[in-house]
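S.K.: Dumping the structure here so I can ask a few things about it.
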Amino acid sequence: MREQPEQQAPPVQRLRFRYAKRGRLRFTSHRDFSRAFERAVFRARIPMAYSSGFNPHPRISYAGASPTGAASEAEYLEIGLAEVTDPAEVLAALDEALPPGLDLLQVVESPGGSLSDLLEASVWRTTVPSMTPDQGAEGVTAFLAAEEVLVERMTKKGLRTFDCRAAVVSLQSAAGPGIEGECAILDMVLRHGTPSVRPDDVLAGLRTLVGLEADAAPLHERLAQGPLDTQFGTVGDPLALHRDTA
């Protein structure tokens, strides 16, 4: 009979972090980031709690990771610790062990419950070099007036068609600096759901509505992620209620 693995003690403290993906590190995939973070945990000698089983692993959970290639100021994760620690010291040690561009910004002690459940919507800013401000304004007007906007995306199960309009809480267009003169900058609040609607999906819908082709890659940046205020259409801070514990 195979020997049963040792059962690990449950975490005595859980910490939640907000981190950023900046510059070239926006091309870091979620898997690449998780590997980099686990290496940082090892280098910083953080007293991690481990899972039970034949292959114990550090207790790290990720929530609402952004797509590869998108910059972000609002990524979140939670870790479980085997010892009670000073959250600020853990943040400083881990941030020093991570490469520049993967930056830990905030930490709080977890109150329990699901971190993912707090991430109901995201605020995105997308710079579109191939779209003029007038085209952006025209597309936004047409998009918001439509009852549905169908787009296609290749998934693990093949090509899928879905409505991206329902996930858009708000959408605005403004003028900003581009590669060759002014271009459209889109600010949007997207409700999380299934399928998860991304800024690229909204952009695909806009291009369909105003008949544009993609000449240059857009730059997507997530500015915030958290609970959605349905009355005002704004996104809150998922760590705000517990920041005084850090």
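S.K.: Exactly one condition in (1) modelled with pLDDT of 95 or more; (2) open to solvent by less than 40 Å² (accessible area, probe 1.4 Å) is false for Arg14; which is it?
M.R.: (2)
S.K.: Kindly indicate whether any position in region 38-45 is open to solvent by 50 Å² or more (accessible area, probe 1.4 Å), modelled with pLDDT under 95 and of a type in the set (D, E, K, R).
M.R.: no
S.K.: Oh, and also: Can you tell me which residue among Glu96, Glu83, Glu148, Glu89 is touching a helix residue (DSSP H, G or I) at 6+ places or on another chain (Cβ under 8 Å) and open to solvent by 40 Å² or more (accessible area, probe 1.4 Å)?
M.R.: Glu148
S.K.: How do the strands (runs of 3 or more DSSP E) wholly within region 1-91 filter down when requiring 3 or more residues that are touching a Ser or Thr at 6+ places or on another chain (Cβ under 8 Å), among the aromatic types (Phe, Trp, Tyr) and more than 24 Å from Pro227 (Cα to Cα): which remain?
M.R.: Ranges flagged: none.
S.K.: Residues Leu209, Leu223: which one is at pLDDT 85 or above, under 17 Å from Pro67 (Cβ atoms), of a type in the set (A, V, I, L, M, F, W, C) and not in a loop (DSSP other than H, G, I, E, B)?
M.R.: When all the criteria are applied, what remains is Leu223.
So that you can scan it fast, the table gives a plain yes or no per residue for (1) over 21 Å from Asp237 (Cα atoms); (2) touching a Pro at 6+ places or on another chain (Cβ under 7 Å); (3) among the hydrophobic types (A, V, I, L, M, F, W, C); (4) at pLDDT 95 or above:
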site: Ala93; (1), (2), (3), (4): yes, no, yes, yes
site: Glu96; (1), (2), (3), (4): yes, no, no, yes
site: Pro100; (1), (2), (3), (4): yes, no, no, yes
site: Glu109; (1), (2), (3), (4): no, yes, no, yes
site: Ala121; (1), (2), (3), (4): no, no, yes, yes
site: Val128; (1), (2), (3), (4): yes, yes, yes, no
site: Gly178; (1), (2), (3), (4): yes, yes, no, no
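S.K.: Would you mind listing the strands (runs of 3 or more DSSP E) fully within region 148-206 where at least 3 residues are touching a residue at least 24 places away in the same chain (Cβ under 8 Å) and out of contact with any Phe, Trp or Tyr (no Cβ under 7 Å at 6 or more places or on another chain)?
M.R.: Values: elements: 150-155, 158-163, 168-178, 181-191.
Of the strands (runs of 3 or more DSSP E) lying wholly inside region 148-206, those with at least 3 residues that are touching a residue at least 24 places away in the same chain (Cβ under 8 Å) and out of contact with any Phe, Trp or Tyr (no Cβ under 7 Å at 6 or more places or on another chain) span 150-155, 168-178, 181-191.
S.K.: Can you tell me which residue within region 101-131, out of those that are more than 18 Å from the chain's Cα centre (by Cα) and open to solvent by 60 Å² or more (accessible area, probe 1.4 Å), is farthest from Pro227 (Cα to Cα)?
M.R.: Glu109
The values are calculated or read from the model by the stated rules, or taken from the named source; none is laboratory data. Here the structure is a predicted model, which means the values were calculated and not measured. Heads up, the Cβs are rebuilt from the backbone with ideal geometry, glycines too, and the neighbour counts pull from every protein chain shown. Heads up: the accessible areas ignore ligands, DNA and RNA and are worked out on the full protein's heavy atoms, side chains in. Shrake-Rupley method; radii C 1.70, N 1.55, O 1.52, S 1.80 Å.
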